[in-house]
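Comments concern the structure below.
Nothing in this text is a laboratory measurement; each read-out follows from the coordinates by a stated rule. Worth saying up front: this structure is predicted, and the values here are computed from it rather than measured. In this analysis, Cβ positions are derived from the backbone assuming ideal geometry, glycine residues included, and neighbour counts consider all displayed protein chains.
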Amino acid sequence: MSERIPLAGVIGSPIAHSKSPKLQNYWLSRYGIEGYYIPMDISQSDLAEVLRMLPRQGFVGVNVTIPHKEAALSLADTVTDRAALIGAANTLTFGADGKIIADNTDGYGFLENLRQNGGDWDPSSGPAAVLGAGGASRAVISALLDAGAPEIRLANRTKARAEALRQDFGSRVEVYDWVQTGAMLEGVATLVNTTSLGMTGKAELKISLENLPTSALVNDIVYSPLMTPLLTEAQARGNTVVDGLGMLLYQATPGFERWFGQKPEVDETTRLLVLGE
Ligand code: ATR
């Protein structure tokens with residue numbers, strides 16, 4: 001009996017900019033695994049049918065990106081707790097019966113990035129300050145709470161979005177005014193920017209780091225540029241800083257492992273691969 005070559009891919013629209021095919025196909029060749037990872041530009045109206053069809057075509061799973069992360073969750077047969085809490089899926093695995101298991105690995109990617117690159121960072125040693133209340137913020141907050149952060153201090157330009165997150169995540173989340181950095185940064189172990197401020201072409205994040213302990217780890221989930229103005233300023237005053245590229249790389253590893261049976265390594269080669277054009 002001939003074994004089918006396993007297929008996986010990424011579904012989004014547009015999809016040309018996605019770094020995932022480069023990364024996943026690199027891992028396939030590095031580990032000598034026969035398989036393919038394919039970018040797919042799929043419209044909202046075709047999503048449900050495509051997800052029903054793919055398992056029959058030999059697909060073992062797919063990543064899902066903008067704008068399908070929420071819809072993918074509602075089309076799944078099984079949803080992991082963390083995906084339900086975040087309200088979006090980025091990694092789908094197809095069972096032998098074609099059933100869809102939806103997961104969200106963004107929080108895992110965020111945490112693994114800080115654990116691998118953050119020196120002796122201990123998320124439980126103090127509160128975490130989180131800027132921004134979009135989808136990425138939900139993943140970051142749930143990961144920090146899981147990792148034992150005693151308190152999340154959350155500030156967002158649109159305060160109502162931060163209040164909504166507090167409703168979902170509970171009393172360990174405290175909402176602060178945007179950006180009332182004075183009280184917010186005092187005594188924190190971690191500062192994370194989940195907004196798009198600081199990204200190439202966007203406005204800079206205006207924040208005073210005066211009250212930030214120099215022992216705090218500072219992370220920006222933006223990775224273009226790698227060293228955002230926030231990270232540059234934090235590093236200059238002695239804070240340990242971690243750029244956002246690792247989150248992108250580590251969020252990809254659970255899918256690859258599930259689909260192809262090998263835990264892939266994140267290293268300098270994968271960083272350069274994803275950064276290069
Ligand atoms: P994602 O899912 O990637 O987190 P998002 O849902 O669009 O993306 O969220 C973007 C985040 O960046 C939000 O917290 C947004 O603040 P609002 O909720 O007030 O929109 C924040 N953001 C974007 N541009 C901003 C700006 N110029 N000033 C302050 N915050 C900004």
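What helices (runs of 4 or more DSSP H), lying completely within the stretch 218-277, carry at least 2 residues that are of a type in the set (S, T, N, Q)?
Per the criteria, 229-236, 268-275.
Answer with yes or no whether THR228 is more than 14 Å from the ligand (Cβ to nearest atom), crowded, with 19+ Cβ neighbours inside 10 Å and of a type in the set (S, T, N, Q).
For THR228, the condition - more than 14 Å from the ligand (Cβ to nearest atom), crowded, with 19+ Cβ neighbours inside 10 Å and of a type in the set (S, T, N, Q) - is not met.
Of all residues being hydrophobic (A, V, I, L, M, F, W, C) and buried (at least 22 other Cβ atoms within 10 Å of the Cβ) in the stretch 186-206, which is nearest to GLY134 (Cα to Cα)? Just the residue, please.
VAL192
Of the numbered conditions (1) closer than 21 Å to LEU114 by Cβ; (2) touching a Ser or Thr at 6+ places or on another chain (Cβ under 9 Å), SER142 satisfies every one except a single condition; which is it?
Failing condition for SER142: (2).
Does the stretch 197-204 contain at least one residue that is assigned to a helix (DSSP H, G or I), of a type outside the set (Val, Ile, Thr) and within 23 Å of LEU275 (Cα to Cα)?
no
For the condition closer than 19 Å to GLU210 by Cβ and in contact (Cβ under 8 Å) with a residue 60 or more places away in the chain, what is the one hit in THR240, THR270?
THR240 is the lone residue from the list that is closer than 19 Å to GLU210 by Cβ and in contact (Cβ under 8 Å) with a residue 60 or more places away in the chain.
With (1) touching a helix residue (DSSP H, G or I) at 6+ places or on another chain (Cβ under 9 Å); (2) more than 9 Å from the ligand (Cβ to nearest atom) as the list, and ASN156 as the residue in question, which single condition is left unmet?
Just one mismatch for ASN156, condition (2).
If you go through the stretch 187-218 one residue at a time, how many are polar (S, T, N, Q), touching a residue at least 60 places away in the same chain (Cβ under 8 Å) and away from the ligand (no atom under 14 Å from the Cβ)?
1
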